[in-house]
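Asks: Here you go, one structure.
The values are calculated or read from the model by the stated rules, or taken from the named source; none is laboratory data. Here the structure is a predicted model, which means the values were calculated and not measured. Methodologically, a virtual Cβ is constructed for each residue, glycine included, from the backbone with ideal geometry; neighbour enumeration extends over all protein chains shown. Heads up: the accessible areas ignore ligands, DNA and RNA and are worked out on the full protein's heavy atoms, side chains in. Shrake-Rupley method; radii C 1.70, N 1.55, O 1.52, S 1.80 Å.
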Amino acid sequence: MKLLSEPVVIAIISFVAGIGAALIGFIAKYICDYRIEKRKLQLKERESVANFLGSSQSNFVRATKDFYTRLCNFFENPDKARKWLKPGETSASDGYYLREFVYRMFNFLVWGRIVQDRINALPPAETEECPDLQHTYMFVDLAYSIFSYIWLYKSFHQYDDSRESAHLFSGSMERIAECGIERSKSGIQAISREQFEKEYEDATSPIQSLRDFVVKAGHGNSPEISYVIGRLATLKAILASFLMDFSWTIKVPNKQEIMEQYQKDLSYAGTTSAETLNFASIVPSNLKELMERFRCKLLPV
């Protein structure tokens with residue numbers, strides 16, 4: 001068989017190499033264009049989700065931050081702060097600190113329910129594409145559970161779960177959230193501060209349950225006080241962890257520092273009643289089970 005001459009071989013190799021290079025270039029361009037178009041589509045979908053949610057998510061983050069800063073203020077000097085939670089003869093005569101504490105807690109609960117309702121209204125496929133929305137949704141459920149679940153104190157047999165005292169009933173929380181939601185043609189939002197003040201001073205308002213809950217942290221030495229303060233300490237810890245994703249709004253400690261402060265706050269809570277309660281060694285493990293239940297592992301407990 002006659003071999004091809006060297007010039008012919010070189011020409012064939014050059015031709016094949018040129019075709020290969022062109023093919024590689026075509027594939028690379030196709031992949032690049034595909035990624036660009038996919039990114040454009042993702043941004044468009046994200047913009048659509050953002051437009052649908054409106055300001056609800058940003059308002060929830062702000063409400064979370066405001067509630068967190070109030071909890072931080074309370075635990076900086078709890079003995080002093082508890083005196084400021086002493087109620088007046090009626091809610092109308094309550095002092096600023098108590099009223100503001102209830103307002104920030106109320107606003108957090110209301111905006112949490114609003115943002116969950118907005119997320120629920122999204123098509124499931126869009127929610128699945130937004131892990132941050134899933135995280136927010138589960139965080140709201142976890143936070144609500146801290147207010148209401150007796151599970152947090154399941155190892156304390158003396159805990160009285162028969163009445164709304166050291167916790168809020170789930171039904172009460174739903175009524176609190178509902179009375180704080182204003183529906184209008186412009187959309188759904190939280191009621192104004194002026195409307196809140198009217199509700200606060202109304203003895204028949206669901207907000208009275210929230211006020212009574214906060215007041216219990218303020219005075220006396222019954223076990224209920226320890227349990228309420230322990231719930232506030234737990235809320236402070238999970239709010240701090242959630243806000244780490246929004247560090248541009250507020251500076252929060254790292255998770256190790258959060259846990260160290262959580263232990264300190266729980267230890268304080270356990271000493272506020274006549275009988276010292278060992279919260280620091282038991283409550284975190286109960287919180288771990290709650291976080292697993294709601295698929296929202298915010299803290300390394």
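Asks: Give me the percent of accessible area attributable to carbon and sulfur for segment 155-301, probe 1.4 angstrom.
Replies: 50 percent
Asks: Charges at C-beta only: +1 for Lys and Arg, -1 for Asp and Glu. How large is the resulting dipole of the chain about its Cα centre, in Debye rounded to 20?
Replies: Taking the Cα centre of the chain as origin, the dipole is about 720 debye.
Asks: Next question. Cross-link list K65/K297; K154/K264; K86/K198; K80/K154: which exceed 25 angstrom alpha carbon to alpha carbon?
Replies: Listed pairs above 25 Å: K80/K154.
Asks: So what J values fall out for segment 295-301 if you push phi through Karplus, 6.51 cos²θ - 1.76 cosθ + 1.60 with θ = phi - 60°, rounded to Hz, Gly and Pro as x?
Replies: Result, rounded to whole Hz: 6, 9, 7, 8, 10, x, 9.
Asks: Using only Cα atoms and rounding to the nearest 10 degrees, what angle (0 to 90) does helix 279-293 make with the longest principal axis of the chain?
Replies: On a 0 to 90 degree scale, this one is about 50.
Asks: Over all directions, average the projected area of the Cα convex hull of segment 87-164 and note it in nm².
Replies: So the mean shadow area of the Cα hull is 8.0 nm².
Asks: Quick check: Cα centre of segment 212-285 to Cα centre of segment 87-157, how many Å?
Replies: If we compute the Cα centre of each part, the gap is 16 Å.
Asks: Pick from V16, V110, V214: which is most flexible by mean-square fluctuation in a GNM of the chain where alpha carbon atoms under 10 Å apart are linked?
Replies: Of V16, V110, V214, the Gaussian network model singles out V16 as fluctuating most.
Asks: Provide the per residue accessible area, probe 1.4 Å, for the chain, rounded to a whole number of square angstrom.
Replies: In whole numbers, the chain has 54 Å² accessible per residue.
Asks: Rounded to whole Å and sorted largest first, list the principal axis extents of the Cα atoms in segment 187-266.
Replies: 43, 42, 14
Asks: Go through K216, K236 and list them by solvent-accessible area, largest first, probe radius 1.4 Å.
Replies: K216, K236
Asks: Which angle between 0 and 90 degrees, to the nearest 10, do you get for helix 96-120 versus the longest principal axis of the chain when only C-alpha atoms count?
Replies: So the inclination is approximately 40 degrees.
Asks: While we're looking at this one, here's another question. What is the extension gain from R193 to K288, computed as 0.36 nm multiplied by their sequence separation minus the C-alpha to C-alpha distance, in nm to one decimal?
Replies: 30.7 nm
Asks: Then there's this: Over the Cα atoms of segment 112-252, Rg to Rh with Kirkwood Rh, two decimal places?
Replies: Here the Rg-to-Rh quotient is 1.00.
Asks: Does segment 233-301 classify as rounded, prolate or oblate by the C-alpha gyration tensor (a ≥ b ≥ c root eigenvalues; a/c under 1.5 gives rounded; else a/b over b/c gives prolate, otherwise oblate)?
Replies: Since a/c reaches 1.5 but b/c is at least a/b, the shape of segment 233-301 is classed as oblate.
Asks: Under a 1.4 angstrom probe, counting protein chains only, how are W111, W151, W84, W248 ranked by accessible area, largest first?
Replies: W248, W84, W151, W111
Asks: Helix-only estimate, please: 222 nm mean residue ellipticity of the chain, summing -39500 (n - 2.57) across DSSP H runs of length 4 or more and dividing by its residues, to the nearest 500.
Replies: Computed ellipticity for the chain at 222 nm equals -22500 deg cm²/dmol.
Asks: Project the alpha carbons of the chain onto their principal axes and report the range along each, largest first, in whole Å.
Replies: Here the Cα extents, ordered largest to smallest, are 111, 49, 32 Å.
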